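**Student:** This is the structure I want to talk about, given as structure tokens.
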Amino acid sequence: NAGVTQTPKFRILKIGQSMTLQCTQDMNHNYMYWYRQDPGMGLKLIYYSVGAGITDKGEVPNGYNVSRSTTEDFPLRLELAAPSQTSVYFCASSNRQGLNRNTEAFFGQGTRLTVV
Amino acid sequence: AQSVTQLGSHVSVSEGALVLLRCNYSSSVPPYLFWYVQYPNQGLQLLLKYTSAATLVKGINGFEAEFKKSETSFHLTKPSAHMSDAAEYFCAVLRGGSYIPTFGRGTSLIVHP
């Protein structure tokens with residue numbers, strides 16, 4: 001079982017470059033999330049999606065864009081990379097089970113991005 | 001907005017000692033609470049989650065957490081620490097009316113031989 005797969009694992013970008021972080025899940029989960037993790041700050045929500053074709057902003061969306069054309073894929077786009085976007089990025093997914101909200105999130109292994 | 005506060009960014013214990021990681025939540029309704037663990041250079045994985053069926057929740061690797069409504073707490077404990085428990089631990093709560101987890105800042109557990 002692959003679960004949530006993120007690529008690449010590491011990337012160095014120059015200021016102003018753009019890139020897409022890939023995320024795919026094979027659990028047929030309807031909810032997907034992008035978080036960034038900075039030391040001592042926990043995880044901050046960038047964007048989330050409740051299903052194919054539906055996305056919404058989280059706490060820190062500036063400088064990022066997402067799309068959700070299929071249930072499986074939820075790529076994160078950085079258009080003009082800035083040093084402040086140096087971070088570890090995690091994709092996660094979870095599933096709605098009727099009225100039960102007590103469902104956990106499943107995480108990918110993360111992408112470590114450095115902008116220089 | 002529902003949130004969690006983790007007291008102590010670092011906790012240091014000796015191998016074999018009790019582990020206590022603190023988490024307090026702010027919620028006006030029964031919360032959905034979780035503990036996750038992150039080993040170095042890995043993603044987060046679920047340790048345990050609160051269900052209203054029991055206030056004492058048992059998780060993987062010998063960890064457990066007790067939900068105390070009167071103290072708005074959901075502290076994580078383990079009777080005897082192992083070297084392999086060294087990791088970052090996150091308390092999380094679902095945002096009100098949603099499935100979206102909101103995380104605390106994390107506590108780094110250091111285990112000394």
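Just so you know, all these numbers are worked out from the coordinates, no wet-lab data involved. Since this is a predicted model, take the numbers as computed values, not measurements. Every residue, glycine as well, gets a Cβ built from its backbone with ideal geometry; the counts of neighbours run over all protein chains shown.
**Student:** Can you list the HN-Hα couplings for region A:65-81, worked out from phi with the Karplus curve (6.51, -1.76, 1.60; θ = phi - 60°), rounded to whole Hz and with x for Gly and Pro?
**Tutor:** Rounded to whole hertz, the list is 9, 9, 8, 9, 7, 10, 5, 7, 10, 8, x, 10, 10, 10, 8, 10, 4.
**Student:** Sticking with this structure for a sec: Which percent of Cα pairs goes in each bin when the distances of chain A are cut into 5 angstrom slices starting at zero?
**Tutor:** 2, 12, 23, 25, 19, 11, 5, 2, 1, 0
**Student:** Which of the lysines could a cross-linker span from B:Lys68 if the Cα-Cα distance has to be under 24 Å and same-chain partners fewer than 8 positions apart are dropped?
**Tutor:** Filter leaves B:Lys49, B:Lys58, B:Lys78.
**Student:** Give, as a single signed number, the net charge of other residues whose beta carbon lies under 15 Å from the beta carbon of A:Gln25, with Lys and Arg counted +1 and Asp and Glu -1.
**Tutor:** -2
**Student:** Normalised by the number of residues in chain A, what is the relative contact order in percent for Cα pairs under 8 Å and 6+ residues apart?
**Tutor:** It rounds to 35 percent for chain A.
**Student:** Hey, another quick one. Round to the nearest 0.05 the FRET efficiency obtained for B:Thr51 and B:Ala17 when R0 = 45 Å and r is the Cβ-Cβ distance.
**Tutor:** About 0.95, to the nearest 0.05.
**Student:** While we're here: At most 16 other Cβ atoms within 10 Å and a DSSP loop assignment: could you name the GluC sites (Glu not before Pro) in region B:8-113 that fit?
**Tutor:** Here the sparse-neighbourhood loop sites are B:Glu15.
**Student:** Which net charge results for the neighbourhood of B:Leu48, defined as the other residues with beta-carbon distances under 13 angstrom from its beta-carbon, given Lys and Arg at +1 and Asp and Glu at -1?
**Tutor:** Neighbourhood net charge equals 0.
**Student:** Starting at the first residue of region B:88-94, write each ³J(HN,Hα) from the Karplus equation 6.51 cos²θ - 1.76 cosθ + 1.60 with θ = phi - 60°, in whole Hz, x for Gly and Pro.
**Tutor:** For region B:88-94, the Karplus-derived couplings read 9, 10, 10, 8, 9, 9, 7 Hz, x marking Gly and Pro.
**Student:** Would you mind computing the Rg to Rh ratio of the protein assembly as shown from its alpha-carbon coordinates, Kirkwood style for Rh?
**Tutor:** 0.97
**Student:** Given 0.36 nm per residue, what is the gain on full extension from A:Arg112 to A:Asp26 after removing their alpha carbon distance, in nm?
**Tutor:** The A:Arg112-A:Asp26 span can extend by a further 28.7 nm.
**Student:** Quick one: net charge of A:Ser93's neighbours, Cβ under 13 Å, K/R +1, D/E -1?
**Tutor:** That sum, taken over residues with Cβ under 13 Å, equals -2.
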